[in-house]
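The values are calculated or read from the model by the stated rules, or taken from the named source; none is laboratory data. Note that the coordinates shown come from a computational prediction; the quantities given were computed from them, not determined experimentally. Neighbour counts are summed over all protein chains in view; Cβ atoms, including those assigned to glycine, are modelled from backbone coordinates with ideal geometry. Areas reflect the complete protein model, heavy atoms only, side chains present, ligands, DNA and RNA absent. Shrake-Rupley method; radii C 1.70, N 1.55, O 1.52, S 1.80 Å.
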Amino acid sequence: MDLTYVDVGQGPVALFVHGVGTSSHLWRNVIAGLRDERRCVAVDLPLHGGSPARDDLSIPALAEAVEELCEHLGLSEVDLVANDTGGAVAQVFAVRHRERLRTLTLTNCDVHTNTPPEAFKPVVDLAARGELAPLTASLLDQPELVARTAFGDGYERIDDPAALVEAYLRPIFAKPDGGRAFERLLTSIDAKDLIAIEPQLTVLTVPTLVVWGTGDVFFDVSWARWLRDTIPGVREIVEIEGGRLFFPDERAAELVPHLRRFWAQP
């Protein structure tokens, strides 16, 4: 098992899954708020953080990487929390490995046909042309520019652009052929993988919480309602007013109480 991960705290297991171009670092503030009451495990998906690239970087393959981690750590019952592309991964994981889930929480993420979201498609097009990797690599030493370009729409404000670049992008591009693998990953994100599991989502009864930032240019709150109307296990939608894609990082203090309350429900 070659995946790297954060594993801190004691108690019932909360498993956190990030999306494309970030890492387990995304969850550090949520984990800081929960580690005294939970065992918090946050995976670095293949290619991200300290995890090496793999040949298959499709959404279903990433879901199986999460299963590998669960098997490796013996995680038989988890509260799964996901963001961005990690939410797509979590949906596939949930229908394939329902037996591992105690609960599921989805924050702003790819849903059904909004995979990848329209606002992200220009980046995917750059990757498809082989232009994204060299462009990004050339900007890594200009953290303010690259953070604003890569993450500016996902955060309400970026106080430390260098820290984001070092935590999210540098580990990807430091790997052998990491830039090309990143392009391959982006071009493998395909709505067909989520459309294919819609029938299984309609019978997914695992208790599910949807927490959605309303200021996200990628994932409109209408997709939170699609999840509610499709997954019978959804108990409620919580809206984070003005929250953007990465609100679990910058507004963790608002997410943690909702997780705590949801997990305490019978």
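The table that follows gives values for the structure above.
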| quantity | calculated |
| --- | --- |
| Exclusive hit being open to solvent by 50 Å² or more (accessible area, probe 1.4 Å) and touching a strand residue (DSSP E or B) at 6+ places or on another chain (Cβ under 7 Å), set Arg235, Arg170 | Arg235 |
| Test: residue in region 35-58 that is of a type in the set (Ser, Thr, Tyr), touching a strand residue (DSSP E or B) at 6+ places or on another chain (Cβ under 9 Å) and over 16 Å from Ala252 (Cα atoms) | yes |
| So Pro116, is it open to solvent by 20 Å² or more (accessible area, probe 1.4 Å), under 18 Å from the mean Cα position of the chain (by Cα), under 19 Å from Pro46 (Cα atoms) and not acidic (Asp, Glu) | no |
| All helices (runs of 4 or more DSSP H) inside region 207-266 with 3 or more residues being more than 19 Å from Thr85 (Cα to Cα) | 252-264 |
| Lone unmet requirement of (1) within 30 Å of Arg235 (Cα to Cα); (2) outside any helix (DSSP H, G or I) for Phe120 | (2) |
| Near pairs, Cβ below 8 angstrom, 6+ apart or cross-chain, from region 240-266 (farther than 24 Å from Ala150 by Cβ) to any residue that is β-branched (Val, Ile, Thr) and in a helix (DSSP H, G or I) | Val256/Val30; Leu259/Val30 |
| Long-range neighbours under 7 Å by Cβ, at least six apart or interchain, first residue among the polar types (S, T, N, Q) within region 162-190, second open to solvent by less than 40 Å² (accessible area, probe 1.4 Å) and in a loop (DSSP other than H, G, I, E, B) | Ser188/Leu57; Ser188/Ser58 |
| Total residues in region 38-70, condition in a helix (DSSP H, G or I) and farther than 20 Å from Gly87 by Cα | 0 |
| Test: Ala32 is assigned to a helix (DSSP H, G or I) and more than 14 Å from Ala82 (Cβ to Cβ) | yes |
| Residue among Ala133, Ala82 that is of a type in the set (A, V, I, L, M, F, W, C) and in a helix (DSSP H, G or I) | Ala133 |
| Residue satisfying condition, being open to solvent by less than 20 Å² (accessible area, probe 1.4 Å) and either in contact with a helix residue (DSSP H, G or I) (Cβ under 9 Å, 6 or more places away or on another chain) or at positive phi (or both), within set Phe218, Phe151 | Phe151 |
| Boolean, Leu15 is under 27 Å from Val165 (Cα atoms) and at pLDDT 95 or above | yes |
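The rows are residues; the columns are (1) of a type outside the set (Gly, Ala, Ser); (2) at pLDDT 95 or above; (3) crowded, with 19+ Cβ neighbours inside 10 Å.
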site: Glu67; (1), (2), (3): yes, yes, no
site: Cys70; (1), (2), (3): yes, yes, yes
site: Gly86; (1), (2), (3): no, yes, yes
site: Arg96; (1), (2), (3): yes, yes, no
site: Asp125; (1), (2), (3): yes, yes, no
site: Leu139; (1), (2), (3): yes, no, no
